[in-house]
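S.K.: Before I ask anything, let me first share the structure, which is written out below as structure tokens.
The values are calculated or read from the model by the stated rules, or taken from the named source; none is laboratory data. The structure displayed is predicted, hence computed values, not measured ones. Here the Cβ positions follow ideal geometry from the backbone for every residue, glycine too, while neighbour counts run over all protein chains shown.
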Amino acid sequence: MSRLFKRTKILATIGPATNSAEKISEIIMAGVNGCRLNCSHGSNEERDQQIKWIRDAAAKKGRSVAILQDLQGPKIRLGALKDNRLDLKKGDEVVLESQEFEHDGGLTVPVQYNLAEKCQVGEPLSMFDGRIKAEIIEIVSETAIKVRILNDGYVMSKKGLNLPDTDFGGDILTEKDLSDIEYGAGCDYDYVALSFVQTAEDILKLKQLLLSYGSTAKVIAKIETKKAIASEANLESIVKAADGIMVARGDMAVEAGAEVVPMVQRKLIALCRKHAKLCIVATQMMASMVDEPEPTRAEVSDVATAVVQGADVVMLSDETANGSYPVETVMEMKKVILFTQNHSKLAPIKRNDDDKEVYPAISSAAARLAEEIDADVIICQTASGVTATTMAGERPNLPIVTVTSNVRVANQLALIYANSAFVRPYSEDFGYDLAVELKGSGYLQTREGNKDLTAVIVSGDKNKFGTDTIKVRKI
């Protein structure tokens, strides 16, 4: 029965390769559980159209699908360069100027951010995804800095800059971000991802801003800065403040060093399980499939590793945004997830001795009970999604079917580990009623030779005590 459900979910980025109702429907039918809309590209009008296409495709499949708004953040980029390229030599001294001007091919280069306000002499700087290394040697003026180039190479127009040791002082929401947040609050977004998070305070500021606009979207913290991972205490405080984490491995590798990424990924997945938070593993998971019809063995291993570690979600970026094989990539990723989950088991999480919260305790008990009696499915009745999320934190090796009367909650749960969420009118026993319905439709199936379906149902009275009951039912 568990073989029918992928427990680790797939989040796909929408871009030119999938910018149509037909393609979005195809990737959702192929196994996508959530769609990422990247604010670094496209217009609000395009977002409105894409959201409609996603909701229509989800309704067609009869499943909940999450939509994530990914804020650009203070992505510092070079401006337009003459002939779109500038060759650099080791020892060159380059001025990065934020005042607008037309580049003439020389070593004074336009940049789309006033670095003079934030940088200090001696701090490192890299360009073009780390291809060019440099160090800051002078603050030239109120709008310009000078850097010394440390290796031969070249840069191109609009390529990004990384400053791993520069303290941006919590100034990570740009004017564009603020505009996108205000507009997005009126759109049908389930999650908002915040780029270049440094501290838990960054998350709390965004939550307050969303609340002021009346948004019910949850906040995902993108972990990609050196400061965010500087200490375990800071990293854990970010996890606790956020509703979920994205392990943004691309910028993290440039900012902190590629060698740290695997261990940070493992640590973040463990922290998210500990605190029942969503964890997304992102960047180049199947990058070769941008151009090729099959993944490399290393990419298959990368996806499988995320599944074995217990990630809620694996994410596709260029593969579905710009690639030649977006649908095939989703299908290949799904194959890897299913094979891996059916040939490995996740160990239960170790809780702190002082953790006396009721929901985690009930979820832990229900998960253990389901395993001991060899149940077919766990059914969660939930109003807010907390019951289903804490249950997912236990990483049971069987499906979690969630029923809620809240559409937003169902969409958000689409990315939560092992969850299949359904919207039904609230009743005291709508979990049992849903199980009967899904067994009748063939969605839930008994094991060979069994007549009855064994379900562990976690429920409660939403108007009184919340989740407080575990039932075992034969269906």
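S.K.: List the number of the failed condition for residue 106; all other conditions in (1) in the same structural domain as residue 197 (by TED's automatic domain parsing); (2) out of contact with any Asp or Glu (no Cβ under 9 Å at 6 or more places or on another chain); (3) part of a loop (DSSP other than H, G, I, E, B) hold.
M.R.: Result: residue 106 fails condition (1) only.
S.K.: Ok, one more. Touching a Gly at 6+ places or on another chain (Cβ under 7 Å) and either in a loop (DSSP other than H, G, I, E, B) or touching a residue at least 60 places away in the same chain (Cβ under 8 Å) (or both), is that true of residue 77?
M.R.: Here the answer is yes, as residue 77 does meet what is asked.
S.K.: Filter the stretch 428-462 for residues that are part of a loop (DSSP other than H, G, I, E, B) and under 32 Å from the mean Cα position of the chain (by Cα); which is surrounded by the fewest Cβ atoms within 10 Å (Cβ to Cβ)?
M.R.: 442
Listed here are the residues, each with its yes/no results for (1) of a type in the set (A, V, I, L, M); (2) touching a Gly at 6+ places or on another chain (Cβ under 9 Å); (3) closer than 20 Å to residue 224 by Cα; (4) at pLDDT 95 or above.
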| position | (1), (2), (3), (4) |
| --- | --- |
| 99 | no, no, no, no |
| 103 | no, yes, no, yes |
| 107 | yes, no, no, yes |
| 117 | no, no, no, no |
| 122 | no, no, no, yes |
| 127 | yes, yes, yes, no |
| 131 | no, yes, yes, no |
| 136 | yes, yes, no, yes |
| 141 | no, no, no, yes |
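S.K.: Considering 368, 297, which residue is surrounded by fewer than 16 Cβ atoms within 10 Å (Cβ to Cβ), of a type in the set (D, E, K, R) and more than 26 Å from residue 399 (Cβ to Cβ)?
M.R.: 297
S.K.: From 180, 190, grab the single residue that is outside the structural domain of residue 411 (by TED's automatic domain parsing), under 17 Å from the mean Cα position of the chain (by Cα) and acidic (Asp, Glu).
M.R.: Criteria check complete, one pass: 190.
S.K.: If you take the residues of the stretch 154-171 that are surrounded by 17 or more Cβ atoms within 10 Å (Cβ to Cβ) and not in a loop (DSSP other than H, G, I, E, B), which of them is modelled with the highest pLDDT?
M.R.: Ranking the candidates gives 155 first.
S.K.: What number of residues within the stretch 304-321 satisfy the criterion of being of a type outside the set (Val, Ile, Thr), part of a helix (DSSP H, G or I) and touching a strand residue (DSSP E or B) at 6+ places or on another chain (Cβ under 9 Å)?
M.R.: Counting residues in the stretch 304-321 that are of a type outside the set (Val, Ile, Thr), part of a helix (DSSP H, G or I) and touching a strand residue (DSSP E or B) at 6+ places or on another chain (Cβ under 9 Å) gives 5.
S.K.: Residues 310, 323: which one is at positive phi and either in the same structural domain as residue 264 (by TED's automatic domain parsing) or within 23 Å of the chain's Cα centre (by Cα) (or both)?
M.R.: 310
S.K.: Against the definition (at pLDDT 90 or above and part of a loop (DSSP other than H, G, I, E, B)), how does residue 378 come out, yes or no?
M.R.: no
S.K.: Being in contact with a Leu (Cβ under 8 Å, 6 or more places away or on another chain) and over 17 Å from residue 275 (Cβ atoms) is the requirement here; does residue 227 meet it?
M.R.: Taking the combined requirement at face value, the residue does not satisfy it.
S.K.: Something else about it: Which of the residues that make up the stretch 356-385 are farther than 24 Å from residue 345 by Cα and not hydroxyl-bearing (Ser, Thr, Tyr)?
M.R.: 356, 357, 358, 381, 383, 385
S.K.: Mind listing just one residue for me: the one in the stretch 407-427 that is modelled with pLDDT under 95, assigned to a loop (DSSP other than H, G, I, E, B) and not hydroxyl-bearing (Ser, Thr, Tyr) and, of those, nearest to residue 240 (Cα to Cα)?
M.R.: 418
S.K.: A further question follows. Looking only at the stretch 333-347, how many residues end up being of a type in the set (S, T, N, Q) and over 23 Å from residue 319 (Cα atoms)?
M.R.: Summing the residues that are of a type in the set (S, T, N, Q) and over 23 Å from residue 319 (Cα atoms) in the stretch 333-347 gives 2.
S.K.: Then there's this: Which numbered condition trips up residue 141, out of (1) of a type in the set (Ser, Thr, Tyr); (2) free of Cβ contacts under 8 Å to residues at least 60 places away in the same chain; (3) in a strand (DSSP E or B)?
M.R.: It is condition (3) that residue 141 fails.
S.K.: Let me ask something else about it. Being crowded, with 19+ Cβ neighbours inside 10 Å, assigned by TED's automatic domain parsing to the domain that holds residue 182, closer than 27 Å to residue 253 by Cβ and of a type in the set (A, V, I, L, M): is that true of residue 125 here?
M.R.: No: the conditions fail for residue 125.
S.K.: Kindly indicate whether residue 395 is in a loop (DSSP other than H, G, I, E, B) and touching a residue at least 60 places away in the same chain (Cβ under 8 Å).
M.R.: yes
S.K.: Further, regarding this structure: Report, ordered by the first and then the second residue, all pairs with beta carbons closer than 8 Å, sequence separation of six or more or different chains, a first member in the stretch 1-18 that is outside the structural domain of residue 420 (by TED's automatic domain parsing) and surrounded by fewer than 21 Cβ atoms within 10 Å (Cβ to Cβ), and a second member that is aromatic (Phe, Trp, Tyr) and at pLDDT 95 or above.
M.R.: Sorted first by the residue in the stretch 1-18, then by its partner, the list stays empty.
S.K.: Do we find a residue being part of a loop (DSSP other than H, G, I, E, B) and crowded, with 16+ Cβ neighbours inside 10 Å anywhere in the stretch 348-363?
M.R.: yes
S.K.: When you look at residue 75, is it of a type in the set (Lys, Arg) and modelled with pLDDT of 95 or more, yes or no?
M.R.: no
S.K.: Quick test for you: out of 232, 255, 259, pick the one residue that is within 21 Å of residue 74 (Cα to Cα), over 17 Å from the mean Cα position of the chain (by Cα) and either acidic (Asp, Glu) or surrounded by 21 or more Cβ atoms within 10 Å (Cβ to Cβ) (or both).
M.R.: Of 232, 255, 259, the one residue that is within 21 Å of residue 74 (Cα to Cα), over 17 Å from the mean Cα position of the chain (by Cα) and either acidic (Asp, Glu) or surrounded by 21 or more Cβ atoms within 10 Å (Cβ to Cβ) (or both) is 255.
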